[in-house]
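Colleague: This structure is in structure tokens; I'll ask about it shortly.
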Amino acid sequence: MRSLDNTHLRMETAKTYEQLLAEIRDLRARVAEAEEPLRAIRSGNVDAMVVGSGRGERLLAFEGAESAYRILIENMGEGALTLTPAGLVLYANRRFAEMLRAPLEQVIGSGIHTWFAPESRQVLQTLLRKDALDNRREELALVAADGTQVPIYLSVNRLLAGGMPESLCMIATDLTEQKRNAAMLAAERLARAIMEQGADAIVLCDETGRIIRASKAAQAFYGKNLLGQPFERAFPLRELSGTAFSPIGALHTNTYHSVEARLEYNGQGFALLVSVGHLKGARNELLGSVVTLTDITERKRAADELRESMNLLQLVVEHVPARIFWKDRDLRYLGCNTQFAKDAGHSRPDELTGKNDFEMGWKDQAELYRADDNAVLKSGASKLEIDEPQTTPDGTTIWLRTSKVPLRDKDSQTIGILGLYQDVTAVKMAESRINRLNRVYAVLSGINTLVVRVSDRDELFREACRIAVEHGQFKMAWIGIVDRSAMKIVPIAVAGAEPELLTLIKDQFPLRDDAPLGNSMSARAVRERKAIVSSDIRGDQSNFLAKELVGREIASMAILPLLVSDEAVGVLGLFAGEAGFFDDEEMKLLTDLAGDIAFAIDDIEKQERLDYLAYYDALTGLANRKLFLDRVTQYLRSAASGGHHIAVFMLDIERFRNINESLGQEAGDDML
């Protein structure tokens with residue numbers, strides 16, 4: 001047992017010894033590594049050292065024999081810095097920190113890329129490459145801590161010192177003042193060019209209003225040396241209100257001042273546009289004013305002439321006896337005259353600007369109007385004298401005669417349409433009235449011809465209805481005869497409708513007041529012996545045939561009595577497709593027409609009566625001597641040719657005189 005314990009102790013002791021030797025070797029290596037930078041520090045070959053800590057790497061700088069060199073770098077006018085090839089700033093002088101407007105300790109140890117504008121970083125990266133040439137120079141831009149950009153001229157060189165890590169040296173020259181001076185020089189050159197070459201007269205005045213500089217145009221306008229002259233004396237301007245103009249007053253405002261003024265000079269009058277701005281120094285202090293005088297005399301004259309021309313054109317547009325309008329390519333109204341605006345329900349033309357036809361009182365006809373407009377825009381051809389309906393703001397329908405032409409620009413491109421129209425409602429109404437009268441005249445002429453040649457009453461009725469429909473363009477016509485015994489009107493003939501209509505309405509026209517339909521238009525015409533008119537059947541609740549008639553596209557109707565000896569023997573019904581067809585002029589002609597038909601009825605009846613009395617006894621209704629002999633002759637011839645017999649009896653009433661003498665002739669007539 002003891003032997004085993006000793007062996008274990010020896011092994012444990014031997015292991016500890018080996019570990020001690022390893023630790024000694026490690027410590028010797030660390031001491032040798034630490035002595036190398038110490039020797040470099042003693043020899044002055046190290047300016048700074050990066051030390052690791054819990055807060056990250058820190059840069060420690062040393063002061064040695066080169067302190068004079070350091071003082072030179074710290075006091076030079078350019079920014080100087082050293083950095084690693086990766087861009088870590090090892091050293092920077094205070095001038096470079098001032099360029100960045102940042103504390104020096106914030107710059108040292110930072111990445112150089114963070115201090116350059118984004119557009120300069122790619123160039124910087126190229127300068128830092130190992131294979132780049134020494135003494136490389138570029139114009140770049142830094143970004144200061146406050147965000148402002150600082151233009152610099154950057155020079156980069158590689159630092160190679162024995163025993164030292166590779167690093168780079170940068171020299172940054174601030175170009176801010178140089179850039180500012182260049183900009184000021186360019187501005188001065190521009191100002192001089194403007195003063196020498198500008199077409200407008202430009203003068204610079206001090207705070208007292210004296211001219212300290214004047215452009216070539218101003219000198220030429222004045223004709224003398226302007227320098228030192230008070231502005232009001234050199235340019236005695238009057239504003240449009242009549243007050244004298246002075247640039248001194250504009251100095252007390254914070255805005256650019258511009259007025260129109262008049263100048264009387266050498267017996268001539270000039271219209272000038274005077275603009276006044278502040279003249280400020282490098283520190284933004286107010287030094288005086290800059291006055292620009294623009295001669296607008298010709299422009300004003302041209303504007304006045306144009307205004308006069310426009311006024312004349314507007315007068316023409318307003319007083320021409322037509323409505324005028326113009327639209328753009330989107331068919332929105334750009335303008336019109338007052339008459340057109342009033343048609344649209346507005347009082348002024350500008351109230352229509354930007355609107356389209358769907359926003360007007362005639363929106364029901366908008367599609368019709370726009371179709372014409374688009375046709376003009378598409379084809380580039382005019383459409384002249386188009387008759388179109390229009391609904392006015394109060395709901396009335398009027399008729400327009402419209403012409404539309406394309407509006408073209410200076411390049412002959414169609415940019416809209418110009419339209420004008422006249423209200424031809426009265427003309428259309430007159431044309432319609434003439435057309436209606438012509439139709440009635442055609443019927444009247446046809447009926448008169450018919451009366452002369454027709455001797456049959458049924459044919460008269462049929463032909464009269466046919467003429468009314470075919471020549472007069474009535475939708476329907478019918479004639480009925482008064483049956484006094486049945487106290488009703490019996491339809492005899494119809495045209496414009498199927499014959500079955502007569503069957504349908506044959507019992508619909510009683511003449512008795514107490515009958516269900518006893519107050520129809522036909523019954524009233526017979527009783528009152530005058531024409532009865534329904535101008536709009538759709539609104540006539542008393543017309544029992546209204547639904548049937550509207551279905552046949554009938555809008556108005558007239559019932560005219562056929563009067564014989566001031567007694568209605570029948571009626572003529574006429575039915576039109578237009579509401580309000582039967583006005584006073586038409587009814588006068590139609591009354592004459594009904595009179596002609598009544599005359600024909602009376603003539604036919606009289607002719608039939610004469611024909612009857614020629615062969616029959618008026619009292620008994622028996623054949624008279626002429627008819628008797630004619631018929632006996634016919635029978636005798638028939639008996640002779642047929643071989644049979646014929647017998648003739650003669651009857652006489654005896655003592656018939658006694659009846660006439662005792663009871664009267666009327667009693668005798670009744671007995672016969």
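The values are calculated or read from the model by the stated rules, or taken from the named source; none is laboratory data. Keep in mind it's a predicted model, so treat the numbers as computed, not measured. All Cβ positions, glycine included, derive from the backbone under ideal geometry; neighbour counts span all protein chains shown. These accessible areas exclude ligands, DNA and RNA; they are computed on the full protein's heavy atoms, side chains included. Shrake-Rupley method; radii C 1.70, N 1.55, O 1.52, S 1.80 Å.
Colleague: From the list (i) -0.39; (ii) -0.60; (iii) -0.68, can you say which value of log10 I(q)/I(0) by the Debye sum over Cα atoms at q = 0.05 Å⁻¹ was derived from the structure given?
Modeller: Computing log10 I(q)/I(0) by the Debye sum over Cα atoms at q = 0.05 Å⁻¹ and matching it to (i) -0.39; (ii) -0.60; (iii) -0.68 gives (iii).
Colleague: For the chain, what relative contact order do you get, as a whole percent, if you take Cα pairs closer than 8 Å and at least 6 residues apart?
Modeller: Values: 1013 pairs, mean separation 31.3, N = 672.
Here the relative contact order equals 5 percent.
Colleague: Considering amide H positions built from the backbone, and no H for Pro or chain starts, which residues 5 or more places from Leu562, or on another chain, come under 5 Å of its amide H?
Modeller: Under 5 Å from the amide H of Leu562: Val569, Gly570, Val571, Leu572.
Colleague: So, taking all protein chains as they sit and a 1.4 Å probe, how much accessible area belongs to Ile71, in Å² rounded to tens?
Modeller: 100
Colleague: Collect residues whose amide H, placed 1.01 Å from N in the peptide plane, falls under 5 Å from the amide H of Ser556; neighbours closer than 5 in sequence don't count.
Modeller: Long-range HN contacts for Ser556: Ile537, Ala576, Glu578.
Colleague: Oh, and also: Using the Karplus curve 6.51 cos²θ - 1.76 cosθ + 1.60 with θ = phi - 60°, work out ³J(HN,Hα) for each residue of the stretch 326-335 in order, rounded to whole Hz, and write x for Gly and Pro.
Modeller: Each residue of the stretch 326-335 in turn: 9, 10, 8, 5, 8, 6, 9, 5, 9, x Hz.
Colleague: Whenever you get a sec, line up Leu140, Leu159 from highest to lowest accessible area (probe 1.4 Å, protein heavy atoms). Before the final figure, lay out each step's value.
Modeller: Values: Leu140 15, Leu159 70 Å².
Largest accessible area first, the list is Leu159, Leu140.
Colleague: Along Cα→Cβ, 7 Å out, is where each label goes; now give me the distance between the ones at Ala199 and Asp483 in nm to one decimal.
Modeller: With each label placed 7 Å out from Cα toward Cβ, I get 10.2 nm.
Colleague: Can you put Ile481, Ile601 in order of accessible area, largest first, using a 1.4 Å probe? Mind dumping the intermediate values first?
Modeller: Working: Ile481 30, Ile601 5 Å².
Putting Ile481, Ile601 in descending order of accessible area: Ile481, Ile601.
Colleague: Further question: For a quick check: with amide H placed at 1.01 Å from N, whose amide H comes under 5 Å from Ile386's, ignoring anything fewer than 5 positions away on the same chain?
Modeller: Thr402, Ser403
Colleague: Work out from phi, with θ = phi - 60° and the Karplus expression 6.51 cos²θ - 1.76 cosθ + 1.60, the ³J(HN,Hα) of each residue of the stretch 379-396, listed in order in whole Hz, and give x for Gly and Pro.
Modeller: Once rounded to whole Hz, the list reads 8, x, 9, 6, 10, 10, 6, 8, 8, 9, x, 9, 9, 7, x, 8, x, 7.
Colleague: Hey, what do the phi angles of the stretch 460-470 turn into as Karplus ³J(HN,Hα) couplings, whole Hz, using 6.51/-1.76/1.60 and θ = phi - 60°, x for Gly and Pro?
Modeller: After applying 6.51 cos²θ - 1.76 cosθ + 1.60, I find 4, 5, 4, 5, 4, 5, 5, 4, 4, 7, 7 Hz.
Colleague: Also, I was wondering about something else. Computed FRET efficiency, Cβ-Cβ of Asn266 and Glu308, R0 30 Å: what is it to the nearest 0.05?
Modeller: Values: r = 28 Å, r/R0 = 0.93.
For R0 = 30 Å, the calculated efficiency reads 0.60.
Colleague: Evaluate the charge dipole of the chain about its Cα centre and quote only its size in Debye, nearest 20, assuming +1 on the Cβ of each Lys and Arg and -1 on the Cβ of each Asp and Glu. Display every interim value, and only then the final one.
Modeller: On the way: 81 positive and 98 negative charges, 618 e Å.
I would put it at about 2960 debye.
Colleague: Among Leu226, Ser347, Thr449, whose Cα sits farthest toward the positive end of the charge dipole of the chain (+1 at Cβ of Lys/Arg, -1 at Cβ of Asp/Glu, about the Cα centre)?
Modeller: Final value for the positive-end residue is Leu226.
Colleague: Can I ask one more? Could you please state how large a percent of the accessible area of the chain is carbon and sulfur, counting protein chains only and using a 1.4 Å probe? Spell out each step's value before the answer.
Modeller: On the way: 21900 of 41310 Å².
Of the solvent-accessible surface of the chain, carbon and sulfur hold 53 percent.
Colleague: By its C-alpha gyration tensor, with a ≥ b ≥ c as the square roots of the eigenvalues, how is the stretch 446-555 shaped: rounded for a/c under 1.5, else prolate for a/b larger than b/c, else oblate? Walk me through the numbers on the way to the answer.
Modeller: Working: a/c = 1.80, a/b = 1.23, b/c = 1.46.
Note, shape of the stretch 446-555 comes out oblate.
Colleague: When only the heavy atoms of the protein chains count and the probe is 1.4 Å, how do Arg625, Arg189 rank by accessible area, highest first?
Modeller: Details: Arg625 185, Arg189 145 Å².
Ranked list, largest accessible area first: Arg625, Arg189.
Colleague: I've got another one for you. Exceeding 28 Å between C-alpha atoms, which entries from my cross-link table qualify? They are Lys179/Lys216; Lys428/Lys547; Lys363/Lys588; Lys606/Lys626; Lys428/Lys506. Intermediate results must be reported in sequence, preceding the final value.
Modeller: Values: Lys179/Lys216 30 Å; Lys428/Lys547 30 Å; Lys363/Lys588 39 Å; Lys606/Lys626 20 Å; Lys428/Lys506 40 Å.
Violating the 28 Å Cα-Cα cut-off are Lys179/Lys216; Lys428/Lys547; Lys363/Lys588; Lys428/Lys506.
Colleague: With a cut-off of at most 12 other beta carbons within 10 Å, and DSSP calling the residue loop, which GluC sites (Glu not before Pro) in the stretch 319-378 qualify? Please list them. Walk me through the intermediate numbers first.
Modeller: Working: sites: Glu351, Glu359, Glu367; in loops: none.
Sparse-neighbourhood loop GluC sites (Glu not before Pro): none present.
Colleague: Now, a different point. Considering the dipole of the chain built from charges on the beta carbon (Lys and Arg +1, Asp and Glu -1) around the Cα centre, which of Gln607, Gly198, Trp399 is farthest to its positive end?
Modeller: With unit charges placed on the Cβ atoms, the residue in question is Gly198.
Colleague: How much net charge surrounds Tyr369 when only the other residues with a Cβ under 12 Å from the Cβ of Tyr369 are counted, with Lys and Arg +1 and Asp and Glu -1?
Modeller: Details: positive: Lys327, Lys363, Arg370, Lys383, Lys404; negative: Asp357, Asp364, Glu367, Asp372, Asp373, Glu388.
Once all neighbours under 12 Å are counted, the net charge is -1.
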